[in-house]
Amino acid sequence: MPAPIPFTEYRARVKSLLEKMGPDTAAILYAAPSAYRSRDTEYAYRQDSDFYYLTGFNESHAVLVLLPQTETPVVLFNQTRKAEEEIWSGARIGQEAAVKEYGVDAAFAIDEIATRMPKLLAQKKIIYYPINQVRDQDLEVLKWINQMQTATRGATPDLMPLSKLTAPMRLIKSPAEIELMRHAATLSAQAHNIAMEKVHAGQFEYQLAAEYLYHYNVNDARDVAYLPIVAGGKNACVLHYTANTDVLRDGDLVLVDAGCEYQNYCADVSRTFPVNGRFTPEQAEIYQLVLDAYRAGLKQIHPGSTMIKVQNAAIEVLTQGLVELKLLQGKVSDLIAHTAYKKFFMHGVGHWLGLDVHDVGAYKINNEPVTFKAGMVLTLEPGIYISESVEIDKKWWHIGVRIEDDILVTPKGHEVLSSAAPISLEDIEQLMR
Ligand SMILES: [Mn+2]
């Protein structure tokens, strides 16, 4: 199992961020609040990704304050240790360990934040804080700024989202992050192998989902990166189908889009396979076309290329193939120009992947596509979905295929992080035999 990110790396990230922020600025980051699922039972806790990226700190009820070029540039407000509360909800890190083990310069009880914050924000010209996202937090932050201004008669600071600075940092993964992502992708790919071996007609979609969840959990990936999509037959044509309540039928395909989260890093891997182990001729035609589009897209993933180039390569193959199968009529170049393929392929060909499934990072800067650099991780996920609303021979109806892998851009090209799952028609049928 890969090692956790060392605390020296968290400190280096904060240091680099402090330099980017510049003098007379502050940043306020709230830890994700814990969320109730029903009455007084909570969802499993998931830390805010930026907060985690900068600290590795995994508790709620905490606020990180960054104050570049001051005596204490990294200040944490967090829960105090209280034996009578810890007996219910588990041990807390507290202030002493926060300084010793998490490398913050000062840690105070979260209860002291209202009295300390106005002083910390004095004379700041820019405060990095994402206004208009969480109302209660906005009210608190605006109150501190008001109090600070009243006390110092200073000018009103500008508010700016910190993501402007953190997103470009998070877009390039470090060697330690890549190790974690490779592990998350491998576990997710392995689960597809298990599902291909265990799937059978009559099984419910949620029962097949259980094979994935079990494999993740027993391998220390305690959470999913997103709700798994296990879509038999026509359900595959519903792009975000997460009900997973239907029965899997003989002769149908099942599309599974599922990924685990390992130490907060996400995987996002899709495979489509026949419930009975054998593709029908129509299913095989569509599957092979999506795979050809995947391979054309994959060739475009290397330093210097862009998401648009990947998208265009995949679309060209898809459109050409749809014409050959007589699912589209016309000249390929015209059909591409008019985005005729969108009837069958209506989502993007990929997205950044990291601490969030649809990870942060721009796709275009000043209207120019962002070029790939070593250390970026993206998904590649062409698909074809044929619903009844398309007026074609109904032998094609209800076929939905998506093939999705997690791809690391390397100095020389790319590495498919999720390559442990079979992808060719032959390999899938052989595994299922
Ligand atoms: Mn995806």
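The values are calculated or read from the model by the stated rules, or taken from the named source; none is laboratory data. Bear in mind that the values here come from a model prediction, so they are computed numbers and not experimental data. Heads up, the Cβs are rebuilt from the backbone with ideal geometry, glycines too, and the neighbour counts pull from every protein chain shown.
Could you say whether any residue in region 418-432 is more than 19 Å from Arg295 (Cβ to Cβ), in a loop (DSSP other than H, G, I, E, B) and more than 16 Å from the ligand (Cβ to nearest atom)?
no
Output the residues belonging to region 233-270 that are under 30 Å from Asp50 (Cα atoms), touching a residue at least 40 places away in the same chain (Cβ under 8 Å) and not hydrophobic (A, V, I, L, M, F, W, C).
Asp257, Gly259, Glu261, Tyr262, Gln263, Asn264, Tyr265, Asp268, Ser270
Of the residues Gly350, Gly330, Gly375, only one is assigned to a loop (DSSP other than H, G, I, E, B), within 16 Å of the ligand (Cβ to nearest atom) and either within 17 Å of Leu171 (Cα to Cα) or free of Cβ contacts under 8 Å to residues at least 60 places away in the same chain (or both); which?
Gly350
Between Leu335, Leu355, which is within 16 Å of the ligand (Cβ to nearest atom) and among the aliphatic types (A, V, I, L, M)?
The unique qualifying residue is Leu355.
State which residue is surrounded by the fewest Cβ atoms within 10 Å (Cβ to Cβ) when the search covers only region 378-414 and only residues that are more than 20 Å from Val230 (Cα to Cα) and within 16 Å of the ligand (Cβ to nearest atom).
Leu408
So is Leu318 hydrophobic (A, V, I, L, M, F, W, C) and either touching a Cys at 6+ places or on another chain (Cβ under 8 Å) or within 16 Å of the ligand (Cβ to nearest atom) (or both) or not? Before the answer, list the steps.
Numbers: hydrophobic (A, V, I, L, M, F, W, C): yes; either touching a Cys at 6+ places or on another chain (Cβ under 8 Å) or within 16 Å of the ligand (Cβ to nearest atom) (or both): no.
No, not satisfied.
Just wondering, is there one or more residues in region 174-186 that are within 15 Å of Asp257 (Cβ to Cβ), assigned by TED's automatic domain parsing to the domain that holds Phe372, among the hydroxyl-bearing types (Ser, Thr, Tyr) and surrounded by 14 or more Cβ atoms within 10 Å (Cβ to Cβ)?
No; the residues of region 174-186 include none that is within 15 Å of Asp257 (Cβ to Cβ), assigned by TED's automatic domain parsing to the domain that holds Phe372, among the hydroxyl-bearing types (Ser, Thr, Tyr) and surrounded by 14 or more Cβ atoms within 10 Å (Cβ to Cβ).
Kindly establish whether Ser389 is without any contact (Cβ under 8 Å) to a residue 24 or more places away in the chain, at negative phi and in a loop (DSSP other than H, G, I, E, B). Give the derivation first.
On the way: without any contact (Cβ under 8 Å) to a residue 24 or more places away in the chain: yes; at negative phi: yes; in a loop (DSSP other than H, G, I, E, B): yes.
Yes: the conditions hold for Ser389.
Can you tell which of Thr25, Thr55, Thr70 is polar (S, T, N, Q), over 17 Å from Ile110 (Cβ atoms) and in contact with a strand residue (DSSP E or B) (Cβ under 8 Å, 6 or more places away or on another chain)?
Answer to the check: Thr25.
Quick check on my filter: what residues within region 180-210 are charged (D, E, K, R) and within 16 Å of the chain's Cα centre (by Cα)? Don't jump to the end; show me each part of the working.
Initial filter on region 180-210 (charged (D, E, K, R)): 182, 197-198, 205.
The answer is Arg182, and nothing else.
Among Ile145, Ile131, which is of a type in the set (Val, Ile, Thr) and closer than 23 Å to Ser34 by Cα?
Ile131
For every residue, the table says whether it meets (1) charged (D, E, K, R); (2) under 27 Å from Lys164 (Cβ atoms); (3) outside the structural domain of Asn146 (by TED's automatic domain parsing); (4) in a loop (DSSP other than H, G, I, E, B).
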{"residue": "Glu19", "(1), (2), (3), (4)": "yes, yes, no, no"}
{"residue": "Phe51", "(1), (2), (3), (4)": "no, yes, no, no"}
{"residue": "Val65", "(1), (2), (3), (4)": "no, yes, no, no"}
{"residue": "Gln69", "(1), (2), (3), (4)": "no, yes, no, yes"}
{"residue": "Glu85", "(1), (2), (3), (4)": "yes, no, no, no"}
{"residue": "Pro118", "(1), (2), (3), (4)": "no, yes, no, no"}
